[in-house]
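Read the structure below first, then the notes.
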Amino acid sequence: MATKKIEIVVSPRPAHFVGDGFRVHNFIPGISGLDMKRMDPFIMLDYNSKFHFNGSDRPRGVGVHPHRGFETVTIAYSGKVEHHDSAGGGGIIGEGDVQWMTAAKGVLHKEYHETEWAKEGGIFQMVQLWVNLPAKDKMSCPKYQAIENAAMEKVDLGENGYVEVIAGEYNGHKGPASTFTPLHMMNAKLKTGGKAEFNFPAHFNTAALVIEGSIIINGEETAKSDHFVLFKNEGETFTIEAKEEDAVVLIISGEPINEPIYPHGPFVMNSREEIMQAFEDFNTGKFGYLED
C-alpha cells in the first residue's frame, strides 16, 4: 500500500478560554487549511493543553448552552470533567475516559470540572471534538455514551507500547463507541523508541494530535507535543515513532459526509433555513430544560 504523507504540521495558536474552565487552542476550524469542509466529519477540535488550575469551591466550566446537528466528544487526559444534559445524559469523565454526546435534534448541556477535583485543582488536559452528523440523522434523538478507559480495546504492541481504540478499529480490534458514519479515533501510547503503523482509506480525512512527547512520522518529519498533523488524502499507511521520550498521540480518521455544512454558533446544519429553525426551537423550549 502507498504511504500517506503529511500535508501540514501546525503549531498551537494562542489559547483562549471557553467559559472559565477550559483553556484551549483551537485547531479546527480556526486554522487555515483545517476548515470544516476539509476536515469533515471532524468540524471542531479544541485542545486544552496541560494547564494548572488552582483549587476552587466553585467548579469552573461552561454553563447551560444548546447544541443541534452534531456530536461532542470529550477526551480527558488529566483532571476530571462533569457533564449534564437535558436528555438525561451525564456523569463524570475521569482521566483516560471519553464522553460521547449526540446532540442530534437538540439538547441543552453544561460541562465543568468535577466538584471534588476542582477543590484541589491540578493539571488539566483534554480534547473536545465536534463530529458532524449526516442530514438524515441530524434530527434523530439525542443519546449519551459514557466510555470508561477500562472499556476501550487496548492493542498490545509489545515493547513499542499499545494503541487504545475509542471508535472504529485498529488491526481488527474495535472500539466501544458507536458512530453514525465510518470513523476511527484512538490514542497511540508509545514507549521511547516505540513505533506503530496505521492504515486508513486514502479518501478519509486523517490527522494526529501530539498529546505527549514528540514523534517522527514516516521516518522523516518530526512533530512536537501540542502540534497537529494533517495527512494528505492519498496513500493509506503511515508510521509514528516516539522520538526521545514516551509519547501519546490522538489519531482521528473519518469518511467525509460530503454534504453542505452550515454552522452558526452552537448549531451545525445543512442550510440557513435549518439554522433559523434551530434558533426558533431553542427559543420556544423544544430543547428541554436544564438548571444552570
Q | Net charge over other residues, Cβ less than 9 angstrom from the Cβ of residue 267 (K, R count +1; D, E count -1) | A | 0
Q | the chain, accessible surface, carbon-and-sulfur percent (1.4 angstrom probe) | A | 47
**Q.** Antiparallel bridges, percent of DSSP beta bridges restricted to the chain (to nearest 5)
**A.** 100
Q) Looking only at Cα atoms, what is the convex hull volume of the stretch 8-74 per residue, in Å³? A) 108
Q.
As a test of the definition: which semi-axes, in Å, follow for the stretch 162-209 when you take the square root of five times each eigenvalue of its alpha carbon gyration tensor? Largest first, please.
A. 19, 13, 9
Q.
Tell me the angle of helix 272-283 to the major Cα principal axis of the chain, expressed in degrees between 0 and 90 and rounded to the nearest ten.
A. 60
Q) Which whole-number percent gives the relative contact order of the chain, counting Cα pairs below 8 Å spaced six or more residues apart? A) 21
Q.
Can you pull out the GluC sites (Glu not before Pro) in the stretch 34-103 whose DSSP state is coil and whose Cβ has at most 11 other Cβ atoms within 10 Å?
A. none
Q: List the residues of the stretch 195-230 whose backbone N lies under 18 Å from a point placed 7 Å from the Cα of residue 243 along the Cα-to-Cβ direction.
A: 195-196, 208-230
Q) Can you give the percent of C-alpha pairs in the stretch 36-165 whose distance is more than 22 Å? A) 42
Q: Would you work out which of 100, 233, 179 lies farthest towards the positive end of the dipole of the chain? Charges go on Cβ: Lys and Arg +1, Asp and Glu -1.
A: 233
Q) Kirkwood-based Rg over Rh for the stretch 88-131 (C-alpha set), two decimals? A) 0.98
**Q.** Cβ-defined net charge surrounding residue 287, 9 Å radius [Lys, Arg +1; Asp, Glu -1]
**A.** +2
(Q) If you take every residue apart from residue 253 with its C-beta less than 13 Å away from the C-beta of residue 253, what net charge results, scoring Lys and Arg +1 and Asp and Glu -1? (A) -2
(Q) So, for the chain, what is the accessible surface per residue at a probe of 1.4 Å, expressed in square angstrom? (A) 42
**Q.** Computed lengthening from residue 143 to residue 116, 0.36 nm per intervening residue step minus Cα-Cα distance
**A.** 7.1 nm
Q.
Taking volume of the Cα convex hull per residue in Å³ straight from the coordinates, which label in [x] 181; [y] 240; [z] 123 is the correct one?
A. [z]
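The values are calculated or read from the model by the stated rules, or taken from the named source; none is laboratory data. Quick caveat: nothing in here was measured; it's all calculated off a predicted structure. Neighbour counts run over all protein chains shown; Cβ positions are idealised from the backbone, glycine included. SASA here: full protein model, heavy atoms, side chains in, ligands and nucleic acids out. Shrake-Rupley method; radii C 1.70, N 1.55, O 1.52, S 1.80 Å.
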